[in-house]
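Structure, as structure tokens:
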Amino acid sequence: MNIKTINTTPFKDQRPGTSGLRKKVKVFQQEHYLENFVQSIFNALEGYKGQTLVVGGDGRFYNREALQIIVKMAAANGFGKVIIGRGALLSTPAASCIIRKYKTFGGIILSASHNPGGPDADFGIKYNAANGGPAAENITEAIYKLSLNINEYHILETTDIDLNTLGEQKVADMSVEVIDPVTDYADLMEQLFDFRAMKELLTSGSFKMSFDAMNAITGPYATEILEKRLGTAAGTVTRGKPLEDFGGAHPDPNLAHAKELVALMSGDDAPDFGAASDGDGDRNMILGRDFYVTPSDSLAILAANATLVPAYSKGLAGVARSMPTSQAVDRVAESLNIDCYETPTGWKFFGNLLDAGKITLCGEESFGTGSDHVREKDGLWAVLFWLNILAVRKQPVAEIVTDHWSKFGRDVYTRHDYEGVSTVGANTLMQELRKSTDELTGKSFNDYTIRHCDDFSYTDSVDNSTSSHQGLRLLFTNGARIVYRLSGTGTEGATLRVYIEQPEKDPAKLEADPQESLSDLIKLSKSIAQIEKHTGRKQADVIT
Ligand code: VG1
Ligand code: CO
């Protein structure tokens, strides 16, 4: 065995963000950069000798090279076995599923999710623990601290492993098993949902759907599940082949980046149901004919209809949403008499609640929904959940949503993103807001009076850990909210996210365009934070 110990010096920028470490590919390609981070992950863990690690990624540029390095480092650091998806591929929810199913020590996921891919675009890496979920903040912080003092890493000197042949091979003393990346995940989906009823709907001839995999990882999963197991027409899955650069597209399933699908879904002969997923398969966008389902509404509707799905037929233990997600699900929880938790942005904060059995469903406004079946948000799962509801209720998507609004009211909602603005400007904007929370409380702007203003801080009810500075909240007396936070997944400058929400019960106003209904609040969001002064932008770049 030829284990090398390589001397290295720390990089100062390896602090994981909302979801792992994300940087430009060129940053990761620097000598020792990836190795330092991987060794810091291993150094932060205890008891992994002889244990199994799952490794896979979303197929973006540098995925294969990075995986080879990780396998050689896992062998040198004493792991007993590595499980990898064929071709180095695993969607994020599938990685979570495999960690749990085979009870492994943990996993490393290579992905920058919805960020673009290619030699000049983004790459990312994150560690998931034995529960299949993103490492909690105490672990990501420990990894960061270790990365600041690292002086050596261990790597096995050996030829590359064969990523394309299923089965076991040996790398020194460590075994490497290449598995089909799709089967375990597809089997799990089949256990959760009523595939018989869904197949009946999808093959009836009167129901058409289209799924946009955005040239990213969900292609093979959607093809197997929708076309092969559920019998939808060939071609239902579009852009189904994972490409290293996502075909130059931005693999973010929203109205701006999945334009072709949005266009296809409009008009009389449009499909009945449309959906898309992101780079690593954990996000979802849901569309009906001429109808867009806001992710926050989607979470509320899944919760309200959960008992129609076999896996959730006995009801939900509780639900959770990230703080900036609309309060639509809170109203469902209230009517079901179950708990609703409000967590900071990022899936890692749902892990403890799911593990403790306090919640069954959870979600974020950023096109992320999931349940206790894995410990990641899950794009295709959300699509199948919707299909299961449609198969039982036999109503169009739009009707299901408008029915929901008339029963629970609507949380009219929008998110305005100011992308790639100056970091100094964005930080100053946040600091100034933070300083003025007391002064803003009680202040009135025409019809809007601020009832409460704070910098959101969260204490986990399971381990009592506290996470502060999670976003500035302005809560108005009439139930409206404006929330400001900076993105923790970007790789260039800063991105300011402004989340705007207003509860509406008036039947005459339920179906209005949110940009119009919220226009006063949108203006207010700009003036209160002085967005133009700090960022130089009059308008947001992406509105969802
Ligand atoms: C964004 C979303 C957040 C999500 C995260 C990871 O983070 O807002 O809700 O959990 O992306 O999603 P931020 O810090 O940029 O706002 V994924 O699909 O990129 O793993
Ligand atoms: Co993602």
Task: Residue selected from segment 251-270 under the condition open to solvent by 10 Å² or more (accessible area, probe 1.4 Å) and either within 12 Å of ligand 2 (Cβ to nearest atom) or among the acidic types (Asp, Glu) (or both), by the criterion modelled with the lowest pLDDT - done: Asp268
Task: strands (runs of 3 or more DSSP E) (entirely within segment 82-197) containing at least 2 residues that are buried (at least 23 other Cβ atoms within 10 Å of the Cβ) and within 16 Å of ligand 1 (Cβ to nearest atom) - done: 106-110, 122-128
Open item on the list: Please verify whether Thr52 is of a type outside the set (Lys, Arg) and out of contact with any strand residue (DSSP E or B) (no Cβ under 9 Å at 6 or more places or on another chain), treating the condition exactly as stated.
Closed with: no
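Give segment 440-499 a look and list any residue that's of a type in the set (Gly, Ala, Ser) and either under 22 Å from Ser422 (Cβ atoms) or assigned by TED's automatic domain parsing to the domain that holds Trp347 (or both), or say none.
Gly471, Ser487, Gly488, Gly490, Gly493, Ala494
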Open item on the list: Ser91 - would you say it is small (Gly, Ala, Ser), touching a Ser or Thr at 6+ places or on another chain (Cβ under 8 Å), farther than 30 Å from Thr459 by Cβ and within 16 Å of ligand 2 (Cβ to nearest atom)?
Closed with: yes
Task: Output for segment 507-537, where each listed residue is surrounded by 16 or more Cβ atoms within 10 Å (Cβ to Cβ) and either among the polar types (S, T, N, Q) or under 18 Å from Gly493 (Cβ atoms) (or both) - done: Ser517, Ser525, Ala529, Ile531, His534, Thr535, Arg537
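The values are calculated or read from the model by the stated rules, or taken from the named source; none is laboratory data. This one's a predicted model, so the numbers in the text were calculated from it and none came from an experiment. Cβ sites come from the backbone with ideal geometry, for glycine too, and all protein chains shown count toward neighbours. Just so you know, the surface numbers come from the protein's heavy atoms only, side chains and all, with ligands and any DNA or RNA stripped out. Shrake-Rupley method; radii C 1.70, N 1.55, O 1.52, S 1.80 Å.
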